[in-house]
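To keep things clear, I will list the structure first and then write my remarks on it.
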Amino acid sequence: MLETQVKFVVVAHHEREAQARALAYKLGPEAHVIIDSGNHGANWNHRRAIEWAASQPCRVVVLEDDAIPVVGFCDKLAEWLARFPDALCSFYLGTGRPPQYQLEIASKLIAADKARSDFITMPRLIHGVCYSVPPKHIPKVLDRWNYSKAADYAVGDAYGGPVIYPCYSLVDHADGQPVEPARDNQPRVERRRAWRLDG
C-alpha cells in the first residue's frame with residue numbers, strides 16, 4: 001500500500017442505507033457514511049460530503065451508494081491520487097449518461113489508446129459515482145457551490161478545471177432505478193455502466 005493516506009465517504013439515500021453501509025464496510029474503517037434521511041437530494045448530500053472532507057487531514061474520496069469498486073480498489077486509487085495530488089479525479093467514466101458527452105468520451109478513449117495514455121481529461125465532472133477533490137481546492141468548491149445544479153456538475157463547475165478520468169474506471173455503477181426524480185424529468189433508460197473497468 002502506498003503512503004498516500006485516503007479516507008472515504010459514502011453518500012446515500014435513506015432507501016439505500018444498508019447498501020451504503022455494506023460498501024463502507026468493504027472500504028475499511030476509515031469509511032464514513034452520510035445518509036440523506038429527509039429526501040433533500042443528491043446536491044445537498046454531496047455538499048455535506050465535501051464539508052466533511054474539508055475537516056479531514058488527508059485526501060477524501062466520495063462514493064455514491066451504488067458504486068461497485070474493482071478488486072484492489074484502494075491500492076489502485078492511492079496510485080492515481082499520488083500521481084495527481086492537485087487535480088479533481090473521477091474514478092468512474094460511464095456510458096449512457098450524460099448523453100451529450102458520450103461521443104466526446106469515445107473519441108478521447110480512442111485517442112488515448114493511440115497515444116498509449118492511461119487517462120483522459122474532460123472539461124467538467126459528469127458523474128458523481130466516485131471522485132476526489134484535492135484538499136486545497138475544497139474551500140473554493142464550497143464557496144462557489146450552486147445548489148440548483150445536479151451534484152456532479154455542482155462539484156466540478158465549482159472546481160472550475162479539467163477533470164482526470166482513468167481510461168479504466170476503478171468503480172462500476174449498479175445502474176438500478178434512481179431514488180430521486182431526475183432534474184431534467186427524463187427517464188433513465190440508457191445503460192449506465194463503466195466504459196471500461198480496471199482489472
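With respect to Arg16, is the statement that it is modelled with pLDDT of 95 or more and either out of contact with any strand residue (DSSP E or B) (no Cβ under 6 Å at 6 or more places or on another chain) or of a type in the set (D, E, K, R) (or both) true?
The answer is no for Arg16.
Tell me, please, whether a residue that is free of Cβ contacts under 8 Å to residues at least 12 places away in the same chain, more than 19 Å from His173 (Cα to Cα) and out of contact with any His (no Cβ under 8 Å at 6 or more places or on another chain) can be found in region 120-143.
No; the residues of region 120-143 include none that is free of Cβ contacts under 8 Å to residues at least 12 places away in the same chain, more than 19 Å from His173 (Cα to Cα) and out of contact with any His (no Cβ under 8 Å at 6 or more places or on another chain).
Check every one of the strands (runs of 3 or more DSSP E) wholly within region 119-199 and list those with 1 or more residues that are at pLDDT 85 or above, among the aliphatic types (A, V, I, L, M) and touching a Phe, Trp or Tyr at 6+ places or on another chain (Cβ under 9 Å).
Ranges flagged: 119-122, 163-166, 171-173.
Of all residues in region 106-136, count the ones that are within 16 Å of the chain's Cα centre (by Cα) and not β-branched (Val, Ile, Thr).
Number of matching residues: 12.
The values are calculated or read from the model by the stated rules, or taken from the named source; none is laboratory data. Computed from a predicted structure; not experimentally measured. Counting neighbours? That spans all protein chains shown, and the Cβs are built from the backbone with ideal geometry, glycine included.
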